[in-house]
Amino acid sequence: MNARGPRDRGWTRRSWLISLIAAPRVGAQKRRLWPAERFPYADPATEFLVERLTNPAHSSFLPPPHGRALARKGGFLLLASDRSGSFQLYRMDERTGECEQLTEASSLDPRAFTLTADDRGFCYFDGPTLYRASLRNLKARAIYRVPEGWRREPGFGLSPDGRHLAIVESRAGRWSLRMIRTSNGNALTLVERPAPMGDPAPGLREQQVLYLHEGSLWLASRRPQTHQPLPAPAGRVLQAFWSSDGLRVIYLHQPAERGKLSALREYELRTGVDRLVASTSQFASFAVNSDESVFLGASGSVASPYVLLLLRMTRRELTLCEHGAADAARVRPTFSADSRRIYFQSDREGKPALYRMNVERLVEPTDSSASDNP
């Protein structure tokens, strides 16, 4: 494993600091409110009430799976939308559905943004520059810039304590996993490989990141210095999350055997034990609530494109509603911190839109001080 700073990418420390200074601080944006677009309907498969939160005439996105969309105490949702004509970030009031525009970015990436861990700010990429902004006054500060000649690849993960973001960059057939400190933009290279990496997920321990590489799940750590694949049965790992205590990894596995459906599995780092949590009907993406008692999955079945609850204790699934998305891996199901509501995105009615459903009669509430996902 290589652990390098800005110098190993052809930058001296002085030029790197100058680049950050040269990146301007963005002034406070004028607060602009957009009207609610909510549309309630009875799901055709289950007749449960679902709310479409955004209009499918324009595109709206939740943060990536390892980002944060929802305030822990409730009240608002962070989303990206091009309803203004270009992609910007918005804070949606969960009670009224009104959206406050937060950015005036020139090239915002709608797949690379997140709330900070304290719910007081947010981070996002505008072109090659990473910004951190305050929700109180909307002032944004540039904290990192992708070096010249490098390209940022898909994948964006926030650590549970909010201190680090993990991204992947590539150049000339080389991929690098970077860990960026959100307070000042200091960057550390954890891994370099001659093949793609993706879906980085920082853990509770500082400088520890899970990532996917050619269908396998890998763990990179600076302290102690390790870089190794995590053992899994034959097949492909589709998605992975840290457990809330940072000692286990919960992952979605597609078996190599033809005809076998995906399963949720769990790997204990201390003991090296890998176990089956539950078989699924055909999950293509998933989320887990804050106490890890319930899973939320998006089925990849063409015949049954459903959002489903799966109880850890009983290993039984309950159909909530249809997602109808063209690609179930992009549904991005997620729980609110208290497990009372679920959210997902789908292009079932045109462009990607966001949806919400109350599940408080089906799921025991959890502590809202816990993170949205482990």
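Screening R83 on (1) closer than 26 Å to V359 by Cα; (2) at pLDDT 95 or above; (3) of a type in the set (D, E, K, R); (4) not in a strand (DSSP E or B) shows it passes everything except condition (1).
Given the condition modelled with pLDDT of 95 or more, of a type in the set (V, I, T) and either more than 24 Å from the chain's Cα centre (by Cα) or under 30 Å from F241 (Cβ atoms) (or both), answer yes or no: does some residue in the stretch 23-30 qualify? No, the conditions are met nowhere in the stretch 23-30.
With respect to being farther than 16 Å from P64 by Cβ and not in a loop (DSSP other than H, G, I, E, B), E104 falls outside the description.
Considering only residues in the stretch 306-323 that are in a loop (DSSP other than H, G, I, E, B) and touching a Ser or Thr at 6+ places or on another chain (Cβ under 6 Å), the one that is most open to solvent (accessible area, probe 1.4 Å) turns out to be R312.
Picking from residues in the stretch 68-79 that are surrounded by 23 or more Cβ atoms within 10 Å (Cβ to Cβ) and part of a strand (DSSP E or B), the one that is farthest from the chain's Cα centre (by Cα) is L77. Of the candidates S216, S244, S279, the single residue that is of a type in the set (S, T, Y), without any contact (Cβ under 8 Å) to a residue 24 or more places away in the chain and either in contact with a Leu (Cβ under 9 Å, 6 or more places away or on another chain) or within 28 Å of E317 (Cα to Cα) (or both) is S216.
Sort out which residues of the stretch 171-229 are assigned to a loop (DSSP other than H, G, I, E, B), modelled with pLDDT of 90 or more and within 19 Å of the chain's Cα centre (by Cα), and write them in order of number.
From the stretch 171-229, those assigned to a loop (DSSP other than H, G, I, E, B) are 172-173, 182-186, 194-197, 203-207, 214-215, 222-225; that's our starting set.
Add one more test, that the residue is modelled with pLDDT of 90 or more, and what stays is 172-173, 182-186, 194-197, 203, 214-215.
Correct list: T182, P196, M197, G203, G215.
Applying the set (1) open to solvent by 20 Å² or more (accessible area, probe 1.4 Å); (2) free of Cβ contacts under 8 Å to residues at least 40 places away in the same chain; (3) within 17 Å of A329 (Cα to Cα) to R265 leaves exactly one unmet item: (3). Inspect the stretch 282-303 for any residue being modelled with pLDDT of 95 or more, more than 22 Å from the chain's Cα centre (by Cα), open to solvent by 40 Å² or more (accessible area, probe 1.4 Å) and farther than 18 Å from S339 by Cβ and give the result as yes or no. Scanning the stretch 282-303 turns up no residue that is modelled with pLDDT of 95 or more, more than 22 Å from the chain's Cα centre (by Cα), open to solvent by 40 Å² or more (accessible area, probe 1.4 Å) and farther than 18 Å from S339 by Cβ.
Only one of the numbered conditions (1) open to solvent by less than 10 Å² (accessible area, probe 1.4 Å); (2) within 17 Å of H164 (Cα to Cα) is not met by G97, and that is (2). Within the stretch 146-168, the residues that satisfy the criterion of being buried (at least 21 other Cβ atoms within 10 Å of the Cβ) and not in a loop (DSSP other than H, G, I, E, B) are G155, F156, G157, L158, H164, L165, A166, I167, V168.
The values are calculated or read from the model by the stated rules, or taken from the named source; none is laboratory data. Model, not experiment: these values are computed from the prediction. Cβ: placed from backbone, ideal geometry, glycine included. Neighbour counts: every protein chain shown. We work out accessible area using only protein heavy atoms, side chains counted, and drop any ligands, DNA or RNA first. Shrake-Rupley method; radii C 1.70, N 1.55, O 1.52, S 1.80 Å.
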